[in-house]
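Read through the structure below, which is laid out as structure tokens, and then see the notes.
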Amino acid sequence: MTITQLQYVLAVAEHKNFTLAAEKCFVTQPTLSMQIQKVEEELSIQIFDRTKKPIQLTEIGQKIVNQAKNIVNEANRITDIVEQQKGFIGGEFRLGIIPTVMPTLLPMFLKNFIKKYPKVHLIIEELNTEEIIQRLNNGHLDAAIAATPLKEEKIKEVVLYFEPFVAYIPENHKSFPKNEIEVEDLDLNEILLLQDGHCFRDGILNLCKNVSNTEKNRFQIESGSFETLIKLADEGLGTTLLPYLHTLDLKEKDKVKLRNFKDPKPAREVSIIYPKNELKIHIIDALRTIISAVVKGAIVFQNVEIISPTQKK
């Protein structure tokens, strides 16, 4: 069997459809089907149960797919080994970034990175943490920028920076007169949160110790963007928390509503994460160096307490 045949098997396993898999592999459906059939004949087993809709892996097929992922990934890394040996920093690099980091961090480092490493073809996707983990494990991403620690067995985490939580408190709120606030000043019933699926939301849940006592009344309003949460807070519908870098671009009239927490300030840990068997370390190191340099000048907080990005049950 060949690497190409294994790639066809993986495509069908992922998309559960021969026609769609053929399109993704840029071949005709009969060609892809014939090559997969050759693999099955060579092994004298059936990889896919074609009687089910959508197509399903057989028990032995699942084991073959697991091994095929390793083989294809290792084969793809041969080029990486050669480029690393030559000191060449270039080629395609697929990077995922979580939504609450993408709008603030990407403009800070992307122009500098492209200028310094013009031969790297960055493919950047905005993905939530769950999607990032899945794609890293499936070999569909080379690295990602996400809130950590995630403690995933097959993923390595390298910290880029610590970003404090900052409270946004409208003028009519009881805590507005305070120069700094404490976690105890937060009332989860009135905090406006991002929609479910955002790890920044889970960080807030973990920050507030009274979550279990407010199960029935919380989260009457949730949104997909910080901008909407700020507008809702200004309408007197509650307060919200923002990541520090997001506050830098607020208008001056809105910055007066920001309140830092007393030390140690609750913060999230933002890291570049990648599979432990990743060989494009030269590009990862280049990204880490560029990002760390630009963020170092923007975040000056030192005394912080890291809040988990994964929701505690």
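The values are calculated or read from the model by the stated rules, or taken from the named source; none is laboratory data. Note that the structure is predicted; figures quoted are calculated from it, not measured. Here the Cβ positions follow ideal geometry from the backbone for every residue, glycine too, while neighbour counts run over all protein chains shown. Just the protein is used for accessible areas: all its heavy atoms, side chains included, with ligands, DNA and RNA removed. Shrake-Rupley method; radii C 1.70, N 1.55, O 1.52, S 1.80 Å.
General observations
- Scope segment 21-52; condition of a type in the set (D, E, K, R), part of a loop (DSSP other than H, G, I, E, B) and open to solvent by 90 Å² or more (accessible area, probe 1.4 Å); matching residues: LYS52
- Remark: VAL304 matches the filter, which requires a residue to be open to solvent by 20 Å² or more (accessible area, probe 1.4 Å), over 18 Å from the mean Cα position of the chain (by Cα) and closer than 19 Å to LEU242 by Cα.
- Enumerated strands (runs of 3 or more DSSP E) restricted to segment 85-153, each holding at least 1 residues that are in contact with a strand residue (DSSP E or B) (Cβ under 8 Å, 6 or more places away or on another chain), open to solvent by 50 Å² or more (accessible area, probe 1.4 Å) and of a type in the set (A, V, I, L, M): 120-126
- Of all residues making up segment 290-301, the number that are over 15 Å from ILE272 (Cα atoms), open to solvent by 40 Å² or more (accessible area, probe 1.4 Å) and either modelled with pLDDT of 85 or more or part of a loop (DSSP other than H, G, I, E, B) (or both): 3
- Conditions (1) in contact with a helix residue (DSSP H, G or I) (Cβ under 9 Å, 6 or more places away or on another chain); (2) surrounded by fewer than 18 Cβ atoms within 10 Å (Cβ to Cβ); (3) more than 30 Å from PRO275 (Cα to Cα); (4) among the hydrophobic types (A, V, I, L, M, F, W, C); number of the one not met by PHE176: (1)
The rows are residues; the columns are (1) at pLDDT 90 or above; (2) among the polar types (S, T, N, Q).
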position	(1), (2)
GLU59	yes, no
ILE64	yes, no
ASN73	no, yes
ILE81	no, no
GLU92	no, no
GLY96	yes, no
LYS115	yes, no
VAL120	yes, no
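- Residue in segment 257-266 that is surrounded by 14 or more Cβ atoms within 10 Å (Cβ to Cβ), touching a residue at least 60 places away in the same chain (Cβ under 8 Å), under 16 Å from LEU105 (Cβ atoms) and in contact with a strand residue (DSSP E or B) (Cβ under 7 Å, 6 or more places away or on another chain) present: no
- Those residues of segment 275-289 which are closer than 17 Å to TYR161 by Cα and open to solvent by less than 20 Å² (accessible area, probe 1.4 Å), in sequence order: ILE284, ALA286, LEU287
- Residue that is free of Cβ contacts under 8 Å to residues at least 40 places away in the same chain, more than 30 Å from ALA233 (Cβ to Cβ) and among the β-branched types (Val, Ile, Thr), where the choices are ILE155, ILE81, ILE123, ILE55: ILE123
- When the criteria are applied in full, LEU6 meets the requirement of being touching a residue at least 40 places away in the same chain (Cβ under 8 Å) and open to solvent by less than 30 Å² (accessible area, probe 1.4 Å).
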